[in-house]
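*Asks:* Pasting a structure below so you can have a look.
The values are calculated or read from the model by the stated rules, or taken from the named source; none is laboratory data. The model shown is predicted, which means the values in this text are computed figures rather than measured ones. Positions of Cβ are generated from backbone atoms using ideal geometry, with glycine treated the same way; all protein chains shown enter the neighbour counts. Just so you know, the surface numbers come from the protein's heavy atoms only, side chains and all, with ligands and any DNA or RNA stripped out. Shrake-Rupley method; radii C 1.70, N 1.55, O 1.52, S 1.80 Å.
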Amino acid sequence: MKLNLKDIKNIDNSLGVIVPTYDIEKIKEETLKTPKWLHFGAGNLFRAYMGKIGQVLIEKNLENTGIIVAESFDTEIIDTVYTPFDNLTILTTLNKNGDFQNEILGSIVKSIKATSENFLTLENIVKNISLQIISFTVTEKGYNLKDSKGDYFEIILDDFKNGFNSPKHIMSLITKLLYSRFKMNEAPISLLSMDNCSGNGDKLKKAILEIAKVWNMNKVVENEFLIYLEDESKVTYPVTMIDKITPRPAEEVKDILEKLGFENMLPIITSKNSFVAPFVNAEIPEYFVVEDKFPNGRPKFEEVGVFLTDRETVEKTEKMKVTTCLNPLHTTLAIFGCILNKKSIYDAASDEALNKLIKKVGYNEALKVVENPGIIDPKAFIDEVINDRFLNPFIPDQPERIATDTSQKIAIRFGETIKSYVTNENLDVKSLKYIPLVLAGWFRYLLGVDDKGVERSVSNDPMLDMLKAELKGIQFGKPESYTGQLKNILRNERVFGIDLEKIGLSELIENYFVQMLSGEDAVRNTLHKYL
């Protein structure tokens, strides 16, 4: 049995696979005629979460159109897991008790490679007055126009000069598409970032306006276009908080689906290192909190479990999750999980010392600065994270995946809590003991040596070369080789969001780090000593 529109019509209920009850081809026809939702970023989170939201909206007769997805970074995803399977996805939901639920999602009705060859296709969609949302899961890097030194990337400099006619960067492409909509009818639109970063909508808006203003100075777009982009009755950039773990496709899930009779379920690693498959495996818990600003209308998200609220509540919820109750704990498990050679986040969370550490970071230090957003209780949220989500043995999430791009995340995941301790007169930043321990662990991880002294890989990070250069000369098993190499990084506000030396935390971090250098099992012993 193949995963395609023809074969899914013959799936018997006894198979235990949930199949769309609506006419997918009719939904596709209506979508192409009157598109409402275009998404950029064809990865696993989009397929598992937005694909499911789209499906429920259609099943409940709340929508008669689906989602069109475009991919700009890794177009191989379209060729490997969209086109051969008629844009269908199998969502496998992984319950902690071992019950797996398999559901075929049909709400993503068209997939497009966001290349110059397909610009006119995308332009026609965006010019359509019916379009309500352009959404994004392009990662935080997708909104960055500058490198770690604050200089524009070459691709952006090229787009400043030539991007109006042939945009290359995703933000330049979106700006050009918006200009086409502006020239066609000035119709309203909501640009909805779903990326897991603080102030995601603001980052999106800043990038688009930055490009548009340069084009305006170059006399290729009018002043009125800038007014359009900043007029909230026309264009909005809602902030959101999204939370759903969608790890790399698991061999175990592939085997289960093949036993059910599905063909060609093999996970694929693309040339750009995307881990994809015809299926997506995901956890049950999910949270999507959205600032309710949609000038051209929107689906009835509130009917399908989405929290629609004001900006302040979104920001509180996002800060709760990203800076205290989940992401810092995830990064903690990833860093030490790599050093201690844990195969999964579950294995890391099951380690007595690491489980104790995330509780210390979460309950003892981070929770003290959380502001309750009202719609989700922080204590209940962190309880679920530690006791259920991280301890789900069927979530095959690797520490290496979570450790990717840590330099881009650490200012938010730890720096914000540190800053709160500095500004809160009732708290003493020097009382922090466990967050500094994690930061020391990150430096130890960057050495590329595990706790047994064996060389190991370090996950991709845009600042890795710079960080390794700063750490030069430090050797495993030789604490005396540390001669202050961390000091420059500890002062770097771009990395930590604050100068850690100035606030008095650098000495403690250096002390922990040196202890982690002393030889075999030094990291494990340091954890035991302070926990």
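*Asks:* What number goes with the only condition from (1) assigned to a helix (DSSP H, G or I); (2) over 30 Å from THR423 (Cα atoms); (3) open to solvent by less than 60 Å² (accessible area, probe 1.4 Å) that SER459 does not pass?
*Replies:* Here SER459 meets the rest and fails (1).
*Asks:* Continuing with the same structure: Out of GLY448, GLY504, GLY441, report the one residue that is closer than 20 Å to THR417 by Cβ and within 25 Å of the chain's Cα centre (by Cα).
*Replies:* GLY441
*Asks:* Also, quick follow-up: Pairs needed: first member in region 470-483, at pLDDT 95 or above; second member anywhere, hydroxyl-bearing (Ser, Thr, Tyr); C-beta distance under 8 Å; at least 6 residues apart or different chains.
*Replies:* Pairs found: GLY473/SER481; GLY473/THR483; ILE474/SER481; ILE474/TYR482; GLN475/SER481; GLY477/SER518; PRO479/SER518.
*Asks:* Checking the conditions here, which among GLU470, GLU520, GLU480 is more than 25 Å from VAL429 (Cα to Cα), exposed (fewer than 13 other Cβ atoms within 10 Å of the Cβ) and charged (D, E, K, R)?
*Replies:* Answer to the selection: GLU480.
*Asks:* Is there any pair linking a residue in region 78-96 that is among the hydroxyl-bearing types (Ser, Thr, Tyr) to one that is part of a loop (DSSP other than H, G, I, E, B) and surrounded by fewer than 20 Cβ atoms within 10 Å (Cβ to Cβ), with Cβ under 7 Å and at least six apart or on different chains, and which?
*Replies:* Within 7 Å, the pairs are THR80/THR270; THR93/ILE284.
*Asks:* Out of region 196-205, which residues are in contact with a helix residue (DSSP H, G or I) (Cβ under 6 Å, 6 or more places away or on another chain) and in a loop (DSSP other than H, G, I, E, B)?
*Replies:* CYS197, SER198
*Asks:* State all residues of region 405-426 that are outside any helix (DSSP H, G or I) and open to solvent by 40 Å² or more (accessible area, probe 1.4 Å); if no residue qualifies, say none.
*Replies:* ASN424, GLU425, ASN426 - these are the residues of region 405-426 that are outside any helix (DSSP H, G or I) and open to solvent by 40 Å² or more (accessible area, probe 1.4 Å).
Residue-wise test of (1) open to solvent by 90 Å² or more (accessible area, probe 1.4 Å); (2) free of Cβ contacts under 8 Å to residues at least 60 places away in the same chain; (3) part of a loop (DSSP other than H, G, I, E, B).
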{"residue": "MET1", "(1), (2), (3)": "no, no, yes"}
{"residue": "LYS9", "(1), (2), (3)": "yes, yes, no"}
{"residue": "PRO20", "(1), (2), (3)": "no, no, yes"}
{"residue": "GLU30", "(1), (2), (3)": "no, yes, no"}
{"residue": "ARG47", "(1), (2), (3)": "no, no, no"}
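*Asks:* Which of the residues belonging to region 188-232 are over 30 Å from ASN44 (Cα atoms) and either modelled with pLDDT under 95 or in contact with a Lys or Arg (Cβ under 6 Å, 6 or more places away or on another chain) (or both)?
*Replies:* TYR228
*Asks:* Tell me whether region 375-382 contains one or more residues that are open to solvent by 10 Å² or more (accessible area, probe 1.4 Å), farther than 28 Å from ALA48 by Cα and modelled with pLDDT of 95 or more.
*Replies:* no
*Asks:* On to the next question. Give all pairs with beta carbons closer than 6 Å in which a residue from region 120-131 that is aromatic (Phe, Trp, Tyr) and in a loop (DSSP other than H, G, I, E, B) meets a residue that is open to solvent by 60 Å² or more (accessible area, probe 1.4 Å) and modelled with pLDDT under 95; count only pairs at least 6 apart in sequence or on separate chains.
*Replies:* Correct list of pairs: empty, since none qualify.
*Asks:* Same structure, new question: Consider PHE279 carefully, then state whether it is modelled with pLDDT of 95 or more, open to solvent by less than 10 Å² (accessible area, probe 1.4 Å), closer than 30 Å to ASN4 by Cβ and touching a Lys or Arg at 6+ places or on another chain (Cβ under 8 Å).
*Replies:* yes
*Asks:* What is the residue count in region 483-500 for residues that are within 16 Å of GLY415 (Cα to Cα) and open to solvent by 70 Å² or more (accessible area, probe 1.4 Å)?
*Replies:* Total satisfying the criteria: 3.
*Asks:* Restricting the search to region 133-155, which residues are open to solvent by less than 20 Å² (accessible area, probe 1.4 Å) and under 19 Å from VAL239 (Cα atoms)?
*Replies:* ILE133, ILE134, SER135, PHE136, GLY142, TYR143
*Asks:* Still on this model: Do we find a residue being of a type in the set (S, T, N, Q) and either in a strand (DSSP E or B) or open to solvent by 50 Å² or more (accessible area, probe 1.4 Å) (or both) anywhere in region 235-247?
*Replies:* Yes: one or more hits.
*Asks:* Could you check region 32-45 and list, in sequence order, the residues that are assigned to a helix (DSSP H, G or I) and of a type in the set (A, V, I, L, M, F, W, C)?
*Replies:* Hits for region 32-45 are LEU32, LEU45.
*Asks:* Being modelled with pLDDT of 95 or more, of a type in the set (A, V, I, L, M, F, W, C) and under 18 Å from ILE189 (Cα atoms) is the requirement here; does VAL235 meet it?
*Replies:* Judged against the criteria, VAL235 is a match.
*Asks:* Say whether the condition of being open to solvent by less than 10 Å² (accessible area, probe 1.4 Å), farther than 22 Å from LEU209 by Cα and in a loop (DSSP other than H, G, I, E, B) is met by at least one residue in region 156-177.
*Replies:* Checking region 156-177: not a single residue is open to solvent by less than 10 Å² (accessible area, probe 1.4 Å), farther than 22 Å from LEU209 by Cα and in a loop (DSSP other than H, G, I, E, B).
*Asks:* Take ASP388 and tell me if it is modelled with pLDDT of 95 or more, assigned to a helix (DSSP H, G or I) and out of contact with any helix residue (DSSP H, G or I) (no Cβ under 7 Å at 6 or more places or on another chain).
*Replies:* no
*Asks:* When you look at LEU94, is it under 19 Å from ASP7 (Cβ atoms), of a type in the set (A, V, I, L, M) and touching a strand residue (DSSP E or B) at 6+ places or on another chain (Cβ under 6 Å), yes or no?
*Replies:* It is false that LEU94 is under 19 Å from ASP7 (Cβ atoms), of a type in the set (A, V, I, L, M) and touching a strand residue (DSSP E or B) at 6+ places or on another chain (Cβ under 6 Å).
*Asks:* Which residue out of GLU286, GLU258, GLU291 is under 20 Å from the mean Cα position of the chain (by Cα) and open to solvent by 30 Å² or more (accessible area, probe 1.4 Å)?
*Replies:* After ruling out the rest, the residue left standing is GLU286.
*Asks:* Still on this structure, I have one more. Just to check your reading of the model, which residue among LEU527, LEU467, LEU517 is assigned to a loop (DSSP other than H, G, I, E, B) and at pLDDT 95 or above?
*Replies:* Testing whether each residue is assigned to a loop (DSSP other than H, G, I, E, B) and at pLDDT 95 or above leaves just LEU517.
*Asks:* Give just the number: which of (1) part of a helix (DSSP H, G or I); (2) open to solvent by 30 Å² or more (accessible area, probe 1.4 Å); (3) within 17 Å of ILE134 (Cα to Cα) does LYS110 not satisfy?
*Replies:* LYS110 satisfies all of (1) part of a helix (DSSP H, G or I); (2) open to solvent by 30 Å² or more (accessible area, probe 1.4 Å); (3) within 17 Å of ILE134 (Cα to Cα) except (1).
*Asks:* (1) closer than 25 Å to SER14 by Cβ; (2) in a loop (DSSP other than H, G, I, E, B); (3) open to solvent by 20 Å² or more (accessible area, probe 1.4 Å): which one isn't true of MET265, the others all being true?
*Replies:* Among (1) closer than 25 Å to SER14 by Cβ; (2) in a loop (DSSP other than H, G, I, E, B); (3) open to solvent by 20 Å² or more (accessible area, probe 1.4 Å), MET265 violates only (3).
*Asks:* State which residue pairs qualify: first residue farther than 22 Å from VAL422 by Cβ and inside region 354-380, second residue at pLDDT 95 or above and among the small types (Gly, Ala, Ser) in any location, beta carbons under 6 Å apart, and separation of 6 or more residues or different chains.
*Replies:* If the second residue must be at pLDDT 95 or above and among the small types (Gly, Ala, Ser), the pairs left are LEU354/ALA348; ASN355/ALA349.
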